[in-house]
Amino acid sequence: DPVLMKDWEIAEKAEDFLKPVKVLAMELGLTEDEIIPHGKYIAKVDFAGVLARLKDRPNGKYIDVTAITPTPLGEGKSTTTMGLVQGLGKLGKKVTGAIRQPSSGPTFNIKGSAAGGGLSQCLPLSPFSLGLTGDIDAVTNSHNLAMVALQARLQHEANNTDEFLSSRHLTRLDIDPSRVEMKWAMDFCAQSLREIIMGIGGKTDGYRMPSGFGISVSSEVMAILSVFTSLSDLRERMGKIIVAYRKNDEPVTTADLEVDGAMTALLLRAVNPNLLQTIEGQPVFVHAGPFANIAIGQSSIVADRLALKLADYHVTESGFGADIGFEKFWNIKCRLSGLKPDCAVIVVTARALKMHGGGPKVTPGAPLDPAYTTPNTKLVEKGCQNMLAHIQTVKTAGINPVVCINHFAADTHEEIDIIRRTAEQAEARVAVSHHWAKGGDGATELAEAVTDACNEPNNFHFLYPENMPLKKRIETIARKVYGANGVSYTPIAMEKLARIESMGDTQFMPTCMVKTHLSLSHDPALKGRPSGFTLPIRDILTYMGAGLVVPVAGDIKLMPGTSSDPNFKRIDVDTQTGKVKGLF
Ligand code: ADP
């Protein structure tokens with residue numbers, strides 16, 4: 001009974017019944033040569049080999065899981081992704097899932113596990129949560145090597161003559177230290193490293209200048225891991241990352257620093273997706289990183305391509321609400337992959353809608369306000385406005401939405417009915433799902449709604465054409481997806497906009513917005529469906545390697561902070577069994 005047990009306790013019990021990964025891979029139709037086992041229950045899959053072997057096989061149905069605007073109450077997106085995979089399994093479908101590797105920042109701070117919960121989880125939990133096969137470490141190292149190259153180059157150019165540099169086969173790059181675009185990466189929530197001064201030792205201790213850290217999953221290298229399509233594509237992208245600008249305005253790339261080959265070498269072990277399983281033994285690919293607010297935040301294109309060749313139904317998760325996670329899935333990931341989704345699931349909970357309807361603030365760790373544990377149809381009804389915005393976004397993409405009401409024990413019939421009626425009036429399919437409490441058996445209504453939606457024709461199309469100018473495109477996303485009245489720019493954002501527009505095709509790279517996930521607007525305090533606001537763009541980054549233009553809206557930071565009651569306090573090791581406990 002999941003009510004009586006924590007997620008990690010359920011996972012620990014369920015792990016007694018795990019399938020060896022060789023069996024899992026065989027059932028999925030993989031050959032022994034196509035898997036690289038990491039222990040008994042996890043393997044990496046040689047995506048290139050499988051895609052070459054199965055190139056003529058038609059793709060399965062492609063389903064994205066998104067949600068309403070997140071609240072601190074948790075909507076259960078990962079739980080629903082796992083639940084839907086298990087539910088489709090119960091209907092006898094050949095199914096796979098794809099989720100992102102959790103970042104250690106949230107794992108040790110407030111999020112805990114990102115493997116789902118209750119009887120809908122991805123296993124084995126501890127390795128999944130604690131670094132898995134090292135992909136994020138590889139991203140961090142690869143990213144930081146570019147910074148090592150940059151600061152060493154700055155130091156050597158500052159301390160030496162042109163003759164000395166040419167004797168070392170170096171041409172002076174004349175880097176402008178005030179225009180360094182890249183910072184360091186670390187996969188923890190370390191707010192004190194957001195802004196730092198480096199090189200504060202002597203002349204041989206590096207170049208003194210301001211710098212800082214972003215969380216690893218927000219790195220351009222992680223974005224590249226999400227969107228690359230082949231090893232040669234990855235190699236090419238790794239040389240295009242803009243690290244800084246020269247005094248003559250030209251970019252300094254990772255190729256200029258001659259570090260791109262080594263960065264690719266460090267990333268090589270991360271290119272193959274990881275194969276894990278649900279509690280009920282369906283295959284789950286885990287690849288690339290979360291954070292659709294400050295990053296692309298999508299499971300990788302290669303994982304989805306692989307899964308679509310192997311399964312009849314593939315469920316991928318895009319994180320946070322449809323305004324950011326789904327918007328990036330839709331306009332970036334699908335554009336770059338050429339894949340067309342068949343349906344999107346919007347995860348809704350009655351209690352999160354109550355918060356959008358004006359319910360009281362929630363403090364993590366504190367007892368829940370009775371508004372969330374006792375019936376309150378008024379708050380639910382008001383909060384449905386938020387759900388309607390996300391339904392409209394999915395419909396704007398031309399695909400069929402299925403609203404999944406992720407059922408909590410305190411939900412009443414009246415509350416569920418309001419959500420159902422409102423979603424149906426907006427022409428969405430609706431299913432009440434009990435996967436958290438019952439696993440796949442509790443998700444068959446959802447799985448049936450999803451198969452129905454997948455079998456209906458759709459009219460998938462992008463929000464903006466490839467050739468829409470950047471400024472117009474930012475405005476289109478702001479107005480049509482966020483509900484803004486318009487967009488404003490800081491002087492620095494205006495300057496960068498003008499520079500990007502003068503860079504020809506660069507302005508037509510897909511647009512990867514950075515915006516809070518906690519509101520449809522840029523202001524996390526505005527719940528429900530805010531209107532009448534202007535979206536303030538404070539900066540615009542250019543990720544040439546990932547091929548993305550990244551406008552930054554509002555105050556959001558690329559390095560989150562650790563809270564006063566972080567989750568690491570509850571994580572420990574049972575020294576008798578050697579098992580990890582306390583992962584939520
Ligand atoms: P998200 O992906 O939206 O952040 P998760 O799927 O990680 O949310 O779930 C967050 C937490 O909520 C997990 O601890 C999970 O066990 C719990 N949870 C999810 N759905 C339910 C439910 N229906 N009833 C009770 N707890 C739930």
For this session: Quick one: which residue in PHE228, PHE213 is under 30 Å from LYS40 (Cβ atoms) and surrounded by 21 or more Cβ atoms within 10 Å (Cβ to Cβ)?
Result: PHE228
Seminar exercise, completed: Of (1) out of contact with any Pro (no Cβ under 6 Å at 6 or more places or on another chain); (2) at pLDDT 95 or above, THR96 fails just (1)
Exercise. Among (1) away from the ligand (no atom under 16 Å from the Cβ); (2) modelled with pLDDT of 95 or more; (3) not charged (D, E, K, R), where does LEU123 come up short?
Worked result: (1)
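Would it be correct to say that ALA262 is over 19 Å from THR229 (Cα atoms), among the aliphatic types (A, V, I, L, M) and away from the ligand (no atom under 16 Å from the Cβ)?
yes
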For this session: Search the range 371-382 for residues being touching a Lys or Arg at 6+ places or on another chain (Cβ under 8 Å) and away from the ligand (no atom under 16 Å from the Cβ), and hand back the single one that is farthest from LYS361 (Cα to Cα).
Result: ASN376
Exercise. Quick check: is even one residue across the range 244-266 modelled with pLDDT under 95, among the hydrophobic types (A, V, I, L, M, F, W, C) and under 30 Å from LEU154 (Cβ atoms)?
Worked result: no
For this session: Within the range 13-36, identify whether any single residue is within 16 Å of the ligand (Cβ to nearest atom), surrounded by fewer than 16 Cβ atoms within 10 Å (Cβ to Cβ), at negative phi and not in a loop (DSSP other than H, G, I, E, B), and answer yes or no.
Result: yes
Exercise. For the subset of the range 1-12 comprising residues that are within 14 Å of the ligand (Cβ to nearest atom) and among the charged types (D, E, K, R), which member is surrounded by the fewest Cβ atoms within 10 Å (Cβ to Cβ)?
Worked result: ASP1
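Could you list all residues from the range 383-403 that are part of a helix (DSSP H, G or I) and under 13 Å from ILE68 (Cβ atoms)?
GLY383, CYS384, GLN385, ASN386, MET387, LEU388, ALA389, HIS390, ILE391, GLN392, THR393, VAL394
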Seminar exercise, completed: Flagged pairs (Cβ under 9 angstrom, 6 or more apart or on separate chains; first in the range 66-79, on the phi > 0 side of the Ramachandran plot and of a type outside the set (Lys, Arg); second more than 6 Å from the ligand (Cβ to nearest atom) and assigned to a loop (DSSP other than H, G, I, E, B)) are GLY74/LYS111; GLY74/THR349; GLY76/THR349
For this session: Could you run through the range 75-97 and say how many residues are within 24 Å of VAL302 (Cβ to Cβ), more than 14 Å from the ligand (Cβ to nearest atom) and not basic (Lys, Arg)?
Result: 4
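Does ARG179 count as in contact with a Leu (Cβ under 9 Å, 6 or more places away or on another chain) and touching a residue at least 12 places away in the same chain (Cβ under 8 Å)?
Against the criterion (in contact with a Leu (Cβ under 9 Å, 6 or more places away or on another chain) and touching a residue at least 12 places away in the same chain (Cβ under 8 Å)), ARG179 does not qualify.
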Problem set entry | Of all residues in the range 383-406 being surrounded by fewer than 20 Cβ atoms within 10 Å (Cβ to Cβ) and more than 22 Å from the chain's Cα centre (by Cα), the one that is farthest from GLY325 (Cα to Cα) | GLN385
Problem set entry | Contacts under 8 angstrom Cβ, first residue in the range 19-30 being within 13 Å of ASN274 (Cα to Cα), partner of a type in the set (Lys, Arg), 6 or more apart | VAL21/LYS40
Exercise. From the residues in the range 317-349 that are in a strand (DSSP E or B) and under 13 Å from ILE399 (Cβ atoms), which one is farthest from the ligand (Cβ to nearest atom)?
Worked result: CYS343
Exercise. Using beta carbons and a limit of 6 Å, which pairs, at least six apart or on different chains, have the first residue in the range 104-115 and on the phi > 0 side of the Ramachandran plot and the second one at pLDDT 85 or above and more than 8 Å from the ligand (Cβ to nearest atom)?
Worked result: GLY112/ASN567
For this session: Report the residue count in the range 493-524 for those that are part of a helix (DSSP H, G or I) and at pLDDT below 95.
Result: 13
Problem set entry | Selection from the range 532-566 of residues that are among the polar types (S, T, N, Q) and either modelled with pLDDT of 95 or more or in contact with an Asp or Glu (Cβ under 7 Å, 6 or more places away or on another chain) (or both) | THR534
Problem set entry | Selection status of LEU497, touching a residue at least 40 places away in the same chain (Cβ under 8 Å), surrounded by 15 or more Cβ atoms within 10 Å (Cβ to Cβ) and more than 22 Å from the chain's Cα centre (by Cα) | yes
For this session: Would you kindly identify the helices (runs of 4 or more DSSP H) lying entirely within the range 404-479 that contain at least 2 residues that are touching a Lys or Arg at 6+ places or on another chain (Cβ under 6 Å)?
Result: 444-454
Exercise. Restricting the search to the range 18-70, which residues are β-branched (Val, Ile, Thr) and farther than 30 Å from ASN455 by Cβ?
Worked result: VAL21, VAL23, THR31, ILE35, ILE36, ILE42
For this session: Would you check which residues across the range 202-234 are small (Gly, Ala, Ser) and outside any loop (DSSP other than H, G, I, E, B) and list them?
Result: SER211, GLY214, SER216, SER218, ALA223, SER226, SER232
Exercise. Only one residue in GLU415, GLU424 is free of Cβ contacts under 8 Å to residues at least 24 places away in the same chain and either crowded, with 23+ Cβ neighbours inside 10 Å or farther than 30 Å from GLY547 by Cβ (or both). Which one?
Worked result: GLU424
For this session: Look through the range 101-120, keep the residues that are of a type in the set (Gly, Ala, Ser) and within 9 Å of the ligand (Cβ to nearest atom), and return whichever of them is surrounded by the most Cβ atoms within 10 Å (Cβ to Cβ).
Result: SER120
Problem set entry | Members of the range 525-542 that are surrounded by fewer than 17 Cβ atoms within 10 Å (Cβ to Cβ) and outside any loop (DSSP other than H, G, I, E, B) | THR534, ASP539
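The values are calculated or read from the model by the stated rules, or taken from the named source; none is laboratory data. Worth saying up front: this structure is predicted, and the values here are computed from it rather than measured. Here the Cβ is made from the backbone with ideal geometry for all residues, glycine too, and neighbour counts use every protein chain on show.
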